[in-house]
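As structure tokens, the structure follows; a few thoughts come after it.
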Amino acid sequence: MRLRDTTVVFLCAFLGMTVLFLPLPALNGPYEDLREGEVDWTCSMPLLSLAPPGVDLDEVRDAVADARATELATGQRYVPPESRHPLCGSLARTQVVLALLAFAGALWRGRRWWRSTAGARAEKRFKRLHESVDSPDSRILR
């Protein structure tokens, strides 16, 4: 299957924008001694979180212990505390690099397409120019 250059440019640009502005929800597994499902891990937009402040895992463990104690005391369903994942910074930097690579690919294919169609665009301009010169009626109407 052969895609047109403009399609590849659009796909690369769309992929770059998606990776740059949407956090990847891949951090739902266990981390250190916190089991899966004990904490709702979050990450902010990669563009805004290149160097986030560190996460204190002791505070997260205390919040999990408080939520477990509340669950046992009240008998209600466990509500996991929410915290930013400690690996969000490195994931955000990786996403920004991937977005830059996607934009570089879009720029490369766009330039390639622009240069390959330069002759056709020049011929079209030349044809329009000569059509306006050849027909005397077009000069009167303008």
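The values are calculated or read from the model by the stated rules, or taken from the named source; none is laboratory data. Since this is a predicted model, take the numbers as computed values, not measurements. With ideal geometry, Cβ positions are generated from the backbone for all residues, glycine too; neighbour counts draw on all protein chains shown. For the accessible areas, the whole protein counts, side chains as well, though only heavy atoms, and no ligand, DNA or RNA atoms are used. Shrake-Rupley method; radii C 1.70, N 1.55, O 1.52, S 1.80 Å.
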ask   = For the modelled label position 7 Å from the Cα of F21 along Cα-to-Cβ, which residues of the stretch 42-80 have backbone nitrogen atoms closer than 13 Å?
value = 45-48
inquiry  = If I stretch the segment between F10 and R35 completely, what's the gain in nm (0.36 nm per residue apart, minus their alpha carbon distance), one decimal?
reply    = 5.0 nm
inquiry  = With viscosity set to 0.692 mPa s at 37 °C, what whole-number translational diffusion coefficient in µm²/s follows for the chain from Stokes-Einstein and a Kirkwood radius over Cα pairs?
reply    = 164
request  = Within the chain, what's the longest run with no GluC sites (Glu not before Pro) in a DSSP loop and at most 10 other beta-carbon atoms within 10 Å? Give the range, please.
outcome  = 37-142
request  = Taking the chain as the reference, fit the longest principal axis to its C-alpha atoms, fit the long axis of helix 5-21 to the helix C-alpha atoms, and give the angle between the two in degrees, 0 to 90, nearest 10.
outcome  = 30
ask   = On average, how much accessible surface per residue is there in the stretch 30-91, in Å², for a 1.4 Å probe, leaving out ligands, DNA and RNA?
value = 64
request  = Please report, as a whole percent, how much of the solvent-accessible surface of the stretch 68-129 comes from carbon and sulfur atoms (probe radius 1.4 Å).
outcome  = 63
